[in-house]
1. Run lengths n ≥ 4 of DSSP H only: what is the helix-derived mean residue ellipticity at 222 nm for the chain, with -39500 (n - 2.57) per run over all residues, to the nearest 500?
2. Assuming a strict under-26 Å limit between Cα atoms, what lysine pair count do you get for the chain once near-sequence pairs (fewer than 8 apart, same chain) are dropped?
3. Quick one: Debye curve from the C-alpha atoms of the chain, no solvent, what's log10 I(q)/I(0) at q = 0.08, 0.09, 0.11 Å⁻¹?
4. Taking amide H positions as placed 1.01 Å from N in the peptide plane, with prolines and chain starts having none, which residues 5 or more places from Gly83, or on another chain, fall under 5 Å of its amide H?
5. Which whole-Hz couplings ³J(HN,Hα) result when phi for each residue of the stretch 148-156 is put into the Karplus expression 6.51 cos²θ - 1.76 cosθ + 1.60, θ = phi - 60°, listed in order with x for Gly and Pro?
6. Could you list which residues have their amide H under 5 Å from that of Asp141, counting only those 5 or more apart in sequence or on another chain, with H placed in the peptide plane?
7. For the stretch 1-102, run through the trypsin sites (Lys or Arg not before Pro) and keep only the ones in DSSP coil with at most 12 other Cβ atoms within 10 Å of their Cβ.
8. I need the phi-derived Karplus couplings for the stretch 129-141: 6.51 cos²θ - 1.76 cosθ + 1.60, θ = phi - 60°, integer Hz, Gly and Pro marked x.
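The values are calculated or read from the model by the stated rules, or taken from the named source; none is laboratory data. Please read these numbers as outputs of a predicted model, since none were measured by experiment. Here the Cβ is made from the backbone with ideal geometry for all residues, glycine too, and neighbour counts use every protein chain on show. Quick note on the areas: whole protein, heavy atoms, side chains included, nothing else; ligands and nucleic acids left out. Shrake-Rupley method; radii C 1.70, N 1.55, O 1.52, S 1.80 Å.
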Amino acid sequence: MKQIAILASGNGSNAEAIVHYFRSTREAEVALILTNKREAGVVERAERLGIPCHYFTNKELREGTAPLALMREKAIDLIVLAGYLCLITPIYIEEYPQRIINIHPALLPEFGGKGMYGAHVHRAVLEAGRSHSGITIHLVDEDYDHGHHLLQATCPVHEGDTLETLANRVHELEHRFFAPTIAQYLRFL
Ligand code: GRF
C-alpha cells in the first residue's frame with residue numbers, strides 16, 4: 001500500500017479529511033504527519049487519529065535531513081502539503097520528484113506566488129472583485145505555486161462575502177476534492 005506523509009502547519013482539517021478518506025478506501029495510508037507548529041490543531045488531530053506526528057523547527061524542515069530520514073524509514077511514496085507554511089527546499093524535490101502535492105486555496109496562476117497564503121489569498125480575490133474563486137491542487141516544483149496542475153475546482157464569490165465566508169466555501173471544496181485527487185494521482189505512481 002502506498003505510504004503518504006502530510007506536512008501541515010495549521011488546523012489540519014484537510015489532513016484529517018485525507019486520513020479518513022484513505023482509511024475507508026484502503027488505497028493508501030497516511031503514515032506520518034510533520035509540522036513546524038507545536039501548537040497547531042493538526043497535532044491534536046493526529047493524536048486523536050493515531051497517526052505519528054513529528055515536530056521540527058523551520059530550520060530543520062528547510063534543511064531536510066531529519067525529516068527526509070524519517071520519511072525514508074517509513075518508506076513514504078508521496079508527500080502532501082496541507083496548509084504547510086514552510087518552504088519546500090530543493091532537497092525534497094530531488095528525493096521526491098513529481099511526488100509532492102500541494103493545495104492552494106484559489107485559482108492559480110492569478111492568486112499565487114510568494115506571500116499568497118491563507119487569508120491573504122482570499123483578500124486578494126475579494127479586492128480583485130472576481131466572480132469566482134476555487135482551489136488548485138498541483139505538483140510542487142522549485143517555484144512557488146508553479147508545478148503542474150492536477151485539478152482546479154471553482155466556487156462563486158457572493159456579494160457581501162467576507163474573508164471568512166469565502167474561506168469556508170473554499171474549504172468545502174478542499175475537503176471534497178483533495179483526497180480523491182491524491183488517490184487518482186497515486187494510481188499512476
Ligand atoms: C487550506 O485553505 C489550504 O488550502 C491552505 O491552508 C489551509 C489549511 O487548512 N494552504 P487546514 O489546516 O487543512 O484546516
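1. Per the formula, -12000 deg cm²/dmol.
2. Details: Lys2/Lys74; Lys37/Lys59; Lys37/Lys74; Lys37/Lys114; Lys59/Lys74; Lys59/Lys114.
Count of close lysine pairs: 6.
3. Taken in order of the listed q values, log10 I(q)/I(0) reads -0.24, -0.30, -0.45.
4. Under 5 Å from the amide H of Gly83 lie the amide H atoms of Ile103, each far enough along the sequence or on another chain.
5. Going residue by residue, I get 3, 7, 8, 7, 10, 9, 10, 9, x Hz, with x marking Gly and Pro.
6. Those qualifying (amide H under 5 Å, at least 5 residues apart or on another chain) are His146, Gly147.
7. Answer in residue order: Arg26, Arg38.
8. Taking θ as phi minus 60°, the curve returns x, 6, 7, 9, 10, x, 9, 10, 9, 9, 6, 9, 10 Hz for the stretch 129-141.
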